[in-house]
């Protein structure tokens with residue numbers, strides 16, 4: 001029985017000695033893993049912040065373009081109304097025998113003004129659409145870059161874990 005107890009105690013001591021020699025290596029490995037995870041988290045946060053800044057800039061560009069387009073459309077509409085008013089005034093001032101001739105001129109002038117205003121409005125809308133497409137592309141690119149950083153960070157964490 002004494003031999004059995006002695007064998008158990010010897011086994012316990014050997015296990016304890018072995019556990020103590022491997023414990024520092026495990027702690028160092030755990031430190032590497034924690035550092036890798038912390039660095040990965042920092043990288044992901046930076047990428048997300050960059051993505052948010054890009055989205056904000058893109059939205060600001062779109063809003064600025066929309067404001068310019070609204071201003072352009074407003075001016076075009078004001079010019080159109082002025083042309084219509086001028087044409088109507090000329091027709092009203094015309095002598096009765098020249099009225100038909102003035103009416104034809106007024107209709108031509110109004111048609112030209114309508115076309116000119118329509119072209120300006122279409123160009124303004126085109127600029128807004130282009131700004132929206134560019135903003136969407138910028139946002140998508142930023143999101144893709146963030147995903148790339150996430151994947152690289154995850155790979156770094158897995159490499160650190162594999163070294164353990």
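What the table below lists for this structure:
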quantity: Those residues of region 9-47 which are at pLDDT 85 or above and either in contact with a helix residue (DSSP H, G or I) (Cβ under 6 Å, 6 or more places away or on another chain) or not in a helix (DSSP H, G or I) (or both), in sequence order; calculated: 36, 37, 40, 43, 44, 47
quantity: Given (1) closer than 30 Å to residue 37 by Cβ; (2) surrounded by 12 or more Cβ atoms within 10 Å (Cβ to Cβ); (3) without any contact (Cβ under 8 Å) to a residue 40 or more places away in the chain, number of the condition residue 160 does not satisfy; calculated: (3)
quantity: Candidates 87, 55, filtered to the one that is in contact (Cβ under 8 Å) with a residue 40 or more places away in the chain, surrounded by 15 or more Cβ atoms within 10 Å (Cβ to Cβ) and part of a helix (DSSP H, G or I); calculated: 55
quantity: Which numbered condition residue 77 fails, given (1) in a helix (DSSP H, G or I); (2) surrounded by fewer than 12 Cβ atoms within 10 Å (Cβ to Cβ); calculated: (2)
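The rows are residues; the columns are (1) surrounded by 15 or more Cβ atoms within 10 Å (Cβ to Cβ); (2) free of Cβ contacts under 8 Å to residues at least 60 places away in the same chain; (3) over 27 Å from the mean Cα position of the chain (by Cα); (4) under 30 Å from residue 38 (Cβ atoms).
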| position | (1), (2), (3), (4) |
| --- | --- |
| 66 | yes, no, no, no |
| 96 | no, yes, yes, no |
| 111 | no, yes, yes, no |
| 117 | yes, yes, yes, no |
| 133 | no, yes, no, no |
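The values are calculated or read from the model by the stated rules, or taken from the named source; none is laboratory data. Predicted, not measured: the structure shown is a model, and the values here were computed from it. A quick note on method: Cβ atoms are made from the backbone with ideal geometry, for glycine too, and the neighbour counts reach across all protein chains shown.
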